[in-house]
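What follows is one structure encoded as structure tokens, with my remarks underneath.
The values are calculated or read from the model by the stated rules, or taken from the named source; none is laboratory data. Just so you know, these numbers come straight off a predicted model, no measurement behind them. Note: ideal-geometry Cβ built from the backbone for every residue, glycine included; neighbour counts use all protein chains shown. Just the protein is used for accessible areas: all its heavy atoms, side chains included, with ligands, DNA and RNA removed. Shrake-Rupley method; radii C 1.70, N 1.55, O 1.52, S 1.80 Å.
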There are 2 protein chains.
Amino acid sequence: MARLDLFKFVPFRLNRLAAEVSTALSSEYQQRYGLDIPEWRVLATLGFRAEACSAQYIAHCTRTHKSTISRAVTALMARQLVERVENKDDRREFALRMTRKGRALYQRLIPRLLRKEWEIMSCLTATERKDFARMLGKIEDSLDLVQASQDAGKAGEY
Amino acid sequence: MARLDLFKFVPFRLNRLAAEVSTALSSEYQQRYGLDIPEWRVLATLGFRAEACSAQYIAHCTRTHKSTISRAVTALMARQLVERVENKDDRREFALRMTRKGRALYQRLIPRLLRKEWEIMSCLTATERKDFARMLGKIEDSLDLVQASQDAGKAGEY
DNA sequence: GCCAATTAGTCGCAATTGCAACTATCTTAA
DNA sequence: TTAAGATAGTTGCAATTGCGACTAATTGGC
């Protein structure tokens, strides 16, 4: 008789945990700054990379559908948090970057999110946190999740 | 200058990983058996517990909204995979249990899902898998995720 | 140089799902 | 006993988001 304990089943646990953690974080970027998850992902990507990057790049490396990113960018431009510049070499794509206003919001938001992450992970010891991150990395590798991000990072690609 | 590397940010990584793992599993229960995630959660809960249980119980312990569970139960009853019996003591609630047909499907599905889970986790050593599960448990505990499940298990509650 | 295939981005549509209101039922307290 | 509040389950509505078709632009093979 095959039997499966949902509470010991890793896929279920990951789903439940991710949902819970997302909810915990959304109180920061959603309630406080009116950003939804895709919008936050766009800002996070633009904020970390020095150079401007395209919507397609953001879609690939955050694994978010391009239509979702498109709508997020539209909303962020409407709020003047992000601007886009035409690319003379390829007029299909636009280089995206944060405005001064967007960067200011980003600077206020990041410390809050890092603190939240810290709160969530503080139940683990320093060694455990390191191990946990390493194991996540191994699973990501085996599922090619990192590969996708790194492909997206290659110069000229995407 | 605060800065956040999305690819090292645990909440983002959990989200992305959970989504990817869900996709990997859905090829089993979705494509092969026409079950969506809420339906699968109902069957998983009914299959693991010996006794019948209410929709509310399933909603609480899987952390899924009661309206979502309600729709899943309706669909499963339409396919005669699940049946419900009136509770004489409390006519608001129904005891749910799998039919013979539902149990047969469950028996075919479980080994496939356990194999998928194994494939995903096989990139870790046995020790790592144990540690990973333990750390997940610690994080769940600190977020009261397990608490919620156990509350839901208390006799008479929910 | 030209046509087919590819790619960036947008948008309409549909599926999913959370929220909140609603009904029916039960519980508690005066 | 009765009225107020709580609870199980259903359903309409709206928000989110993935899919796929579409336009515009680019690239590559011939």
Return the residues of the range B:78-96 that are open to solvent by less than 60 Å² (accessible area, probe 1.4 Å), more than 16 Å from DNA strand C (Cβ to nearest atom) and not β-branched (Val, Ile, Thr); say none if nothing qualifies.
B:81, B:96
Here are some conditions: (1) farther than 18 Å from residue B:51 by Cα; (2) of a type outside the set (Phe, Trp, Tyr); (3) within 16 Å of DNA strand D (Cβ to nearest atom); (4) open to solvent by 60 Å² or more (accessible area, probe 1.4 Å). Residue B:112 meets all but one. Which one does it not meet?
(3)
Which numbered condition residue A:49 fails, given (1) free of Cβ contacts under 8 Å to residues at least 40 places away in the same chain; (2) near DNA strand C (Cβ under 9 Å from one of its atoms); (3) of a type outside the set (A, V, I, L, M)
(2)
Is it fair to say residue A:100 is in contact (Cβ under 8 Å) with a residue 40 or more places away in the chain, open to solvent by 50 Å² or more (accessible area, probe 1.4 Å) and more than 16 Å from DNA strand D (Cβ to nearest atom)?
no
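Is it the case that some residue within the range A:97-106 is touching a His at 6+ places or on another chain (Cβ under 9 Å) and either within 16 Å of DNA strand C (Cβ to nearest atom) or within 17 Å of residue A:31 (Cα to Cα) (or both)?
As a first pass, look at the range A:97-106 and keep what is touching a His at 6+ places or on another chain (Cβ under 9 Å): none.
No - not one qualifying residue is present in the range A:97-106.
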So the helices (runs of 4 or more DSSP H) completely within the range B:1-105 holding 2 or more residues that are within 12 Å of another protein chain (Cβ to nearest Cβ) and among the polar types (S, T, N, Q) are B:10-26
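Could you check how many residues of the range A:42-51 are more than 17 Å from residue A:78 (Cβ to Cβ) and either open to solvent by less than 40 Å² (accessible area, probe 1.4 Å) or at pLDDT 95 or above (or both)? Reasoning before the result, please.
From the range A:42-51, those more than 17 Å from residue A:78 (Cβ to Cβ) are A:44-45, A:47-51; that's our starting set.
Filter once more, keeping what is either open to solvent by less than 40 Å² (accessible area, probe 1.4 Å) or at pLDDT 95 or above (or both): A:44-45, A:47.
The number of residues fulfilling the criteria is 3.
If I filter the range B:16-39 for residues that are among the charged types (D, E, K, R), closer than 27 Å to residue A:121 by Cβ and open to solvent by less than 20 Å² (accessible area, probe 1.4 Å), do I get at least one hit?
Taking the range B:16-39 first, the residues among the charged types (D, E, K, R) are B:16, B:20, B:28, B:32, B:36, B:39.
Filter again for closer than 27 Å to residue A:121 by Cβ, leaving B:16, B:20.
Subset that is open to solvent by less than 20 Å² (accessible area, probe 1.4 Å): B:16.
The answer is yes, given that some residue of the range B:16-39 is among the charged types (D, E, K, R), closer than 27 Å to residue A:121 by Cβ and open to solvent by less than 20 Å² (accessible area, probe 1.4 Å).
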